[in-house]
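Asks: Here it is, the structure, as structure tokens.
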Amino acid sequence: MRSLLCVPASQPKMVEKALTLDCDQIILDLEDSVTPADKVAARAYLKDFLSKVESKKKISLRVNELSSTFAKADIDLICGFNPQPLSSVILPKIHSLEDVKSWAAKLPANMQLEVQIESAMGLINAPQIASHPQVISLAFGPADFMASAGMPSSNPGTPWAEAANALQWPLMQVVIAAHAHAKTAYDGPYFQITDDAGLSSSARTARALGVDGKWVIHPNQIALVNEAFTPSPAEIAHAKEIIDAFKASSGATNLDGLMIDEASKKVAERLLERVAQIHN
Ligand code: GLV
Ligand code: MG
């Protein structure tokens, strides 16, 4: 997955349009992008939409926090489907492994769970959260995380210039926790939807940190995020050269002044695995 498009379930036209776009996954949102007054109608729409939808895309549903008054109806909606149309359920504001276990007990057996890490406590517990067998990915939620950590900002998800790179550390923690358990790591959305340069930079930074893909909140963000998370032809060619040079050597070699060893071969192989996944 490179781009995961989060669409409010209260906006049927946007949901229908999402099916035609180049995002790799659609997240139907019942949480923060849907006002409390709109949640009942959004669920009623999803009940109909999901019982008919046919799409090759991965379709997931983001529920409301388990402690909220909305969660019970979200659970009933998901449990009411047969067959189950959802690829996964996105769990926001997960703070502990206990939170995941509580959700897992209420959702259909073996439902794949994709967890948002977006609080100080969630970050501290991210390694345990990632260890749950039904959890397939962790996604960093920059806006809620900043609120939880007490970071001031007039733009959600973007710290003051004085701490411009401050979110790289928690994002990297999420990558480490997810990858330690062979799970996928995602970055959350970039909220300034007309700032293409800022979006590309945010997506490239995430990829540089080992992140596998990024949430998007507007159709115009999809192409830039897909591009940032797709290895370029030059990267692919270089990875192949490294592997060839390593294979032709007796353990370590020199490729145009670059020392190549087992570790560089692994990095190159991981890049080619990523390319294969994207084209699958
Ligand atoms: C996403 O949910 C965020 O809080 O950034
Ligand atoms: Mg959030």
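The values are calculated or read from the model by the stated rules, or taken from the named source; none is laboratory data. Predicted, not measured: the structure shown is a model, and the values here were computed from it. Neighbour counts run over all protein chains shown; Cβ positions are idealised from the backbone, glycine included. Side chains included, ligands, DNA and RNA excluded: accessible areas come from the protein's heavy atoms. Shrake-Rupley method; radii C 1.70, N 1.55, O 1.52, S 1.80 Å.
Asks: Regarding the range 67-217, what is the average projected area of its C-alpha convex hull, in nm²? If you can, show how the numbers build up before the last one.
Replies: Values: hull surface 37.5 nm².
Over all viewing directions, the range 67-217 projects a mean Cα-hull area of 9.4 nm².
Asks: Still on this model: Per residue of the chain, what 222 nm ellipticity follows from adding -39500 (n - 2.57) for every DSSP H run with n ≥ 4, rounded to the nearest 500? Before the final figure, lay out each step's value.
Replies: On the way: 12 runs with 124 residues, N = 280.
Value at 222 nm, helices only: -13000 deg cm²/dmol.
Asks: For Met1, what accessible surface area do you get with a 1.4 Å probe? Give it in Å², rounded to 10.
Replies: Answer for Met1: close to 90 Å² accessible.
Asks: Additional query: Would you work out the charge dipole size for the range 1-150 about its Cα centre, treating the Cβ of every Lys and Arg as +1 and the Cβ of every Asp and Glu as -1, and quote it to the nearest 20 debye? Mind showing how you got there, number by number?
Replies: Numbers: 15 positive and 17 negative charges, 72 e Å.
Using only the charged Cβ atoms, the result is roughly 340 debye.
Asks: Additional query: Would you mind working out the magnitude of the charge dipole of the chain relative to its Cα centre, with +1 at each Lys and Arg C-beta and -1 at each Asp and Glu C-beta, to the nearest 20 Debye?
Replies: Details: 25 positive and 31 negative charges, 129 e Å.
In total the dipole reaches around 620 debye.
Asks: Want the number for Phe81 to Ala252: 0.36 nm per residue separation, take away the alpha-carbon distance, what's left?
Replies: On the way: separation 171, 0.36 × 171 = 61.56 nm, distance 5.52 nm.
Here the segment from Phe81 to Ala252 would lengthen by 56.0 nm.
Asks: Separate question: Starting from the Cα gyration tensor of the range 205-280, take the square roots of the eigenvalues, sort them a ≥ b ≥ c, and report rounded, prolate or oblate (rounded when a/c is under 1.5, otherwise prolate if a/b is larger than b/c, else oblate). Can you show the working numbers first?
Replies: On the way: a/c = 2.93, a/b = 2.69, b/c = 1.09.
Prolate, because a/c is 1.5 or more and a/b exceeds b/c.
Asks: The range 146-280: D in µm²/s via Stokes-Einstein (Kirkwood Rh, Cα pairs, 4 °C, 1.567 mPa s)?
Replies: Values: Rh = 16.8 Å.
Reported coefficient: 77 µm²/s.
Asks: How long is the gain from Ala41 to Glu241 if the chain were fully straight, where each residue apart is worth 0.36 nm and the alpha carbon distance is subtracted?
Replies: Working: separation 200, 0.36 × 200 = 72.00 nm, distance 5.51 nm.
Result for the pair: 66.5 nm of gain on full extension.
Asks: Right, next: Just subtract the alpha-carbon distance of Ala161 and Ala263 from 0.36 nm times their residue separation and send over the number in nm, one decimal.
Replies: Working: separation 102, 0.36 × 102 = 36.72 nm, distance 3.55 nm.
Stretched fully, the Ala161-Ala263 segment lengthens by 33.2 nm.
Asks: Compute the FRET efficiency between Ala276 and Gln168 as 1/(1 + (r/R0)^6), taking r as their Cβ-Cβ distance and R0 = 35 Å, and round to the nearest 0.05. Let's see the in-between values first.
Replies: Working: r = 28 Å, r/R0 = 0.79.
The calculated FRET efficiency here is 0.80.
Asks: If I take the Cα coordinates of the chain and project them onto the principal axes, what are the three extents in Å, biggest first?
Replies: Cα spread of the chain along its principal axes, largest to smallest: 63, 44, 38 Å.
Asks: Which percent of the accessible area of the chain is formed by carbon and sulfur heavy atoms (probe 1.4 angstrom)? Numbers along the way, then the final one.
Replies: On the way: 7560 of 13610 Å².
About 56 percent, which is the carbon plus sulfur part of the accessible surface.
Asks: OK, next. With a 1.4 Å probe and all protein chains kept in place, how much accessible area does Arg2 have, in Å² rounded to the nearest 10?
Replies: 40 Å²
Asks: Mind checking which lysines have their C-alpha under 23 Å from Lys58, skipping anything on the same chain fewer than 8 residues away?
Replies: Lys13, Lys17, Lys39, Lys47, Lys93, Lys106, Lys183, Lys214
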